[in-house]
1. What full-extension length gain, to one decimal in nm, is calculated for residue 192 and residue 82 as 0.36 nm per residue of separation minus the Cα-Cα distance?
2. For residue 63 and residue 103, compute 0.36 nm times the residue count separating them, minus their Cα-Cα distance, and round to one decimal in nm.
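Read-outs: derived from the displayed coordinates by stated rules, not from any lab. Just so we're clear, the structure is a prediction, and the values are computed from it rather than from any experiment.
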Amino acid sequence: MKTWIYLGITGFLFLGTINSTFGQTKFALSISLAPIYTHTDYSSTLPFPDSNTQSPNTVVTASSHGLNYMLGLSARYNFSPKWSASTGIWATHGLSGTTHFDINGIAAQIPYHYSHPLTNAYKVPLLVNYQSSTGRLSPYFTIGTSLDFRSVSYVDLEGNGQEVPVKFGKALIITPLVGIGAIYNLKSHLSIVAQPTIQYNVQSHPTYSYYHSYQIGLQMQIMHRF
């Protein structure tokens, strides 16, 4: 909570300084909240013998899905009445998920829940936004990418209440993002944005036979223009 208060105060002071220098209505600050559905499936052949099947290799196939929520603080700059760019910081907290494994034909399932307050992942979005109209209600389009930073997760893998710290994936992943929604101007300086988004992992995974990972969210923003 202290981190978010610090970010909010810093953001307002920064935008206020820029606003007094360059003029009004070009800068905006927004708070975002979104539920996010995640899905990953992959297959990999490992050079380890399997004593159960007498196979010289171990083929691991997995599919997982989970439910997260995101809370973020963003700053936006308007190049024109319809075009803008935005960046900020988003914190994603995992709620629950399930992973299904198949190891040389032997299936297993691991359900897990995230209850530790520090089970967060952080993103820095770099986005370009376009609204087709300057009226009260307009379609709102977003395209760009996010810098996804790996963090320590605390996961109850056994379901016994004991949480262990784990790390998943690479230290930094660049993930494309596309969003299509709408912006509604409540007042001259206050707007609401509702926007379904999708992100797909396009990173190379040479050790996997296939690897697919995506996130689908419904982002809600409250935006104040200066």
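1. Working: separation 110, 0.36 × 110 = 39.60 nm, distance 1.56 nm.
Between residue 192 and residue 82, full extension yields an extra 38.0 nm.
2. On the way: separation 40, 0.36 × 40 = 14.40 nm, distance 1.20 nm.
Between residue 63 and residue 103, full extension yields 13.2 nm more.
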